[in-house]
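Peer 1: Quick one: this structure, given as C-alpha cells, is what I'll be asking you about.
The values are calculated or read from the model by the stated rules, or taken from the named source; none is laboratory data. It should be emphasised that the depicted structure is a prediction, and the values quoted were computed from it without experimental measurement. Here the Cβ positions follow ideal geometry from the backbone for every residue, glycine too, while neighbour counts run over all protein chains shown.
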Amino acid sequence: MEKEILILAIESSCDETAAAVVRNGREVLSNVISSQIDLHTLYGGVVPEIASRKHIERINQVITQALLEASCTLQDLDCIGVTYGPGLVGALLVGVAEAKAIAYAAHLPLVGVHHIEGHVSANYIEHPDLEPPFLCLIVSGGHTHLVIVKDYGVFEILGRTRDDAAGEAFDKVARAIGLGYPGGPKIDRVSREGDPDAVFFPQGKLEDNPYDFSFSGVKSAVLNYLNHAQMTGETIRQADIAASFQKSVVSVLVSHTMQAAEDFGMDRVAIAGGVASNASLRAAMEEACREKGYRFYRPSPILCTDNAAMIGCAAYYEFLKGTRHGWDLNAVPNLRLGER
C-alpha cells in the first residue's frame, strides 16, 4: 500500500482566507474559508489593501482550525501547498509568506500552485472517475479560459477572453442595474424572476479564433440600453435585464465549449471557477452535454469559489511530479496558465 500523503494548502489570492488539509489529492479532511464579502460590499468591490490586512489577521486562525478539523498536526504533514498567482499581489504575499514560514519551521517541502490549476482540480475532488484528458471551461471574476486538460497540471489553451472576464462583466452589469457587489450571485438570483427574452443583447464572437471570448460588447450594450431607457423615461425592469444579460453570456460560454468539444473530439466536459456556480450556466451546460452525449462534470458551488481544498488537490499532483519550490518563491500576480 502506498504511503498516504497529507498536504496543508493555503489560498489567499483575493478576498478569501482559506486553509485545508487534503489526503492523497482527492480526500478533503478540512476546508476552512474566511470570507471578506461583507466587508468589501461596503465599497462595491474588493479593496486590495483591506484584503491584505484581513488576510494577515485571519490566516493563523484559519490554518489552526483546518489542522484541528483534520485531527492532525504539522508533524503529520508531507507538504505545504500555496497559491502564488495569479491574484492580488498583497493578498498572495500573505499566503506565500505563511506557507514558506511553516514549511521552513516544520522541515516540509513547499509547492506553489497556480490558482487556475486549483479551480480545475476542484473537479477531481468530487469526481473520482475524472482523469485527464478532458475539456474544461474556466470562468471566474478575472479569467475566462477554454482549455484541454492534457494531464494533471498540463493545459492546452484553446481560447481566452480578449477583454472582460465573464465574472467581471457580471459584476459591472450588476452594479449598473443597482444590484451591487458581489454581482454574479445577485444576477443569478434575480434572473430567476425575469424574462431572458425581454431584451436582446449581443453575443460576442471573434472570427480569427472561434474559441476566444469577448464580454465588453454585451456589457456596453446593457449600459447603452439603461442610458436610453433613462433618457426616454422607459420603465426598467431589473430582473428582465439581469436575465437577458445572463442569457447572452451563458449562450456564448456554452456554444464555444460545445464547438471545441466537437472539433477536438472531447467527450468529457468540465467547468470550473466562481462563475461555474451560476445555476443557469450549470443547467445549460448539462443540457447541451446531454444532447451531445458528453459526460459533464462540475464542482459543488462551495468548491467553485476560492478555497484551499482545490489548491491541496493541485499541489498533490504537482508534488507527485516532483515540483518543489525554494524559499525564494514569490507572489506572481499576473501568472499565466502553464507558466511556472
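Peer 1: Quick one: LYS219 ticks every box in (1) part of a loop (DSSP other than H, G, I, E, B); (2) surrounded by 13 or more Cβ atoms within 10 Å (Cβ to Cβ) except a single one, so which number is it?
Peer 2: With (1) part of a loop (DSSP other than H, G, I, E, B); (2) surrounded by 13 or more Cβ atoms within 10 Å (Cβ to Cβ) applied to LYS219, the lone miss is (1).
Peer 1: While we're looking at this one, here's another question. Are any residues in the range 105-136 over 12 Å from the mean Cα position of the chain (by Cα) and acidic (Asp, Glu), and if so, which ones?
Peer 2: Result: GLU126, ASP129, GLU131.
Peer 1: Looking at (1) part of a loop (DSSP other than H, G, I, E, B); (2) surrounded by fewer than 19 Cβ atoms within 10 Å (Cβ to Cβ); (3) among the aliphatic types (A, V, I, L, M), which is the one condition that is false for ALA331?
Peer 2: Every listed condition holds for ALA331 apart from (2).
Peer 1: Follow-up. Test VAL199 against the criterion of being in contact (Cβ under 8 Å) with a residue 24 or more places away in the chain, within 28 Å of VAL46 (Cα to Cα) and either assigned to a loop (DSSP other than H, G, I, E, B) or of a type in the set (A, V, I, L, M) (or both), and give yes or no.
Peer 2: no
Peer 1: Going by the structure shown, is CYS72 buried (at least 17 other Cβ atoms within 10 Å of the Cβ), out of contact with any helix residue (DSSP H, G or I) (no Cβ under 6 Å at 6 or more places or on another chain) and under 27 Å from PRO299 (Cα atoms)?
Peer 2: Against the criterion (buried (at least 17 other Cβ atoms within 10 Å of the Cβ), out of contact with any helix residue (DSSP H, G or I) (no Cβ under 6 Å at 6 or more places or on another chain) and under 27 Å from PRO299 (Cα atoms)), CYS72 qualifies.
Peer 1: Of all residues in the range 55-89, which are more than 17 Å from SER34 (Cα to Cα), among the β-branched types (Val, Ile, Thr) and not in a strand (DSSP E or B)?
Peer 2: THR73, VAL89, listed by residue number.
Peer 1: Among ILE59, ILE63, which is the only one that is within 25 Å of LEU320 (Cβ to Cβ) and free of Cβ contacts under 8 Å to residues at least 60 places away in the same chain?
Peer 2: Testing whether each residue is within 25 Å of LEU320 (Cβ to Cβ) and free of Cβ contacts under 8 Å to residues at least 60 places away in the same chain leaves just ILE63.
Peer 1: While we're on this one: Kindly indicate which of LEU92, LEU146 is of a type in the set (A, V, I, L, M, F, W, C), assigned to a helix (DSSP H, G or I) and within 16 Å of the chain's Cα centre (by Cα).
Peer 2: LEU92
Peer 1: So, THR257, is that one touching a helix residue (DSSP H, G or I) at 6+ places or on another chain (Cβ under 9 Å), more than 28 Å from ASN307 (Cα to Cα) and either at pLDDT 95 or above or not in a helix (DSSP H, G or I) (or both) or not?
Peer 2: Against the criterion (touching a helix residue (DSSP H, G or I) at 6+ places or on another chain (Cβ under 9 Å), more than 28 Å from ASN307 (Cα to Cα) and either at pLDDT 95 or above or not in a helix (DSSP H, G or I) (or both)), THR257 does not qualify.
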